[in-house]
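For reference, the structure discussed in these notes is given below.
The values are calculated or read from the model by the stated rules, or taken from the named source; none is laboratory data. All figures in this text were calculated on a predicted structure; none of them were measured in a lab. Cβ sites come from the backbone with ideal geometry, for glycine too, and all protein chains shown count toward neighbours.
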C-alpha cells in the first residue's frame, strides 16, 4: 500500500508518515520546505525531513515538489498512483497571509485543486484526507454568548457546552485571507466528493500540536509558547485578556483519525478535529502547565489588541467523529502533550549548543 503525504516535513504530515509506515505502508512525502520561506529560519522543517529519512529508511521516499506546480503534481500522482492521499501542505498563518496574499491563495486553494484534479485523473478511488482549519468559520464563533471566568472565556450558551459542531456556518464573517483561501480549498474538497464521487474529507483542525512542531509566533501556539518559556524569551499575548481558549489535539491522535477514515472512507465529509473540551486551555492556563514542566516562569507582554479574525473561544465538538468512527478517540491529554513538547524542545536546544 502506498500513501502520498503533502507537507510531509510538517507537524501533521510527519506524524502521518511515521504512523502509516508503522502499519506497513510505503510512504511518498511531498515537501519543499516552504515553511522556511513563509516564516524564516525558525520555521525550517529540513530537520524533520532528515528525521523521517533516518527513522523510516527505504520505506520513505521524499519528493521535492511545490504543489503549486500543476503538471508536476499530476506527473507524480500518475507515477506513484497512491492508495490514499493525505494533504497537509499549506500556508498556515492568518497573520502572514495578509502580507503574501497570492502565495497564500496559490498554495492553499490552487495547490489543493491541483492535487484534487490529479487524484481524479490518476487514482480516483483513493481516499483523500485534507487538513482544513477551524478558521473556515471566520470570526463567527465570536458571536456565541460567552461568560468570563477567572482564567478563561467559556460558552454561556448551553447549546455549545460540548463545542462547535460541523453545522456551524462558515458564511458572512471575517476570516482573514488565510481563512478565505482555506474555505476555497475546503469547499473544493467537498465538491470533488459530491460532484465526482471521490472519497474525500475535510478535517477542520483546532490547535494541532505535538513535539515535532516548528512553532513560530504566527503559527504554532503551544510549541512556540513552550520554546519562549525555555529560552526566557518574551511571549506576546494578543488581546482578550489572555483568556482566549483553544482545544489542542496531539498530532498522533490526528494521524489515528486519518487511519480510521482511510480504512472506511466516506464521500465529501467534514469533521471538526480538535482536542475537545478536555484538552482546551486559555493562554494563562497554558503558561501554568508549561511552567510546571520547565520549572521556569513565563516571560510575556500583553498587547491590548487581538489578532484580526481571531477566536475568543474555540472548542471542537467531537461527537460526529466519535459517531462515525467509534474506534477513535483522544488518547493523549493536554498535560502530556505539553510535557512532550517541553522535553523535545529542551533536547533541540541542547543540540544547538
Quick one: in the range 309-321, of everything that is part of a loop (DSSP other than H, G, I, E, B) and modelled with pLDDT of 95 or more, which residue is surrounded by the fewest Cβ atoms within 10 Å (Cβ to Cβ)? 312
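How do the strands (runs of 3 or more DSSP E) wholly within the range 78-162 filter down when requiring 2 or more residues that are surrounded by fewer than 23 Cβ atoms within 10 Å (Cβ to Cβ): which remain?
146-148, 153-155
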Here are the criteria: (1) surrounded by fewer than 21 Cβ atoms within 10 Å (Cβ to Cβ); (2) on the phi > 0 side of the Ramachandran plot; (3) modelled with pLDDT under 95. Tell me which single one residue 210 does not satisfy. (1)
The residue that is surrounded by the fewest Cβ atoms within 10 Å (Cβ to Cβ), considering only those in the range 322-336 that are without any contact (Cβ under 8 Å) to a residue 12 or more places away in the chain and closer than 19 Å to residue 160 by Cβ, is 323
Report the residue count in the range 174-202 for those that are in a loop (DSSP other than H, G, I, E, B) and either at pLDDT 95 or above or over 17 Å from residue 95 (Cα atoms) (or both). 3
If we keep just the residues of the range 9-35 that are assigned to a helix (DSSP H, G or I) and over 17 Å from the mean Cα position of the chain (by Cα), which is nearest to residue 208 (Cα to Cα)? 20
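Could you tell me how many of the residues in the range 229-259 are assigned to a helix (DSSP H, G or I) and either under 24 Å from residue 150 (Cα atoms) or touching a helix residue (DSSP H, G or I) at 6+ places or on another chain (Cβ under 8 Å) (or both)?
Looking only at that region, the number is 14.
Per-residue answers, yes or no, for (1) over 26 Å from residue 259 (Cβ atoms); (2) touching a helix residue (DSSP H, G or I) at 6+ places or on another chain (Cβ under 6 Å); (3) surrounded by fewer than 16 Cβ atoms within 10 Å (Cβ to Cβ):
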position: 23; (1), (2), (3): no, no, yes
position: 27; (1), (2), (3): no, yes, no
position: 42; (1), (2), (3): yes, no, yes
position: 47; (1), (2), (3): no, no, yes
position: 54; (1), (2), (3): no, no, yes
position: 64; (1), (2), (3): yes, no, yes
position: 67; (1), (2), (3): no, yes, no
position: 71; (1), (2), (3): yes, no, yes
Selection count where residues are surrounded by fewer than 24 Cβ atoms within 10 Å (Cβ to Cβ) and within 19 Å of residue 224 (Cβ to Cβ), scope the range 11-21: 0
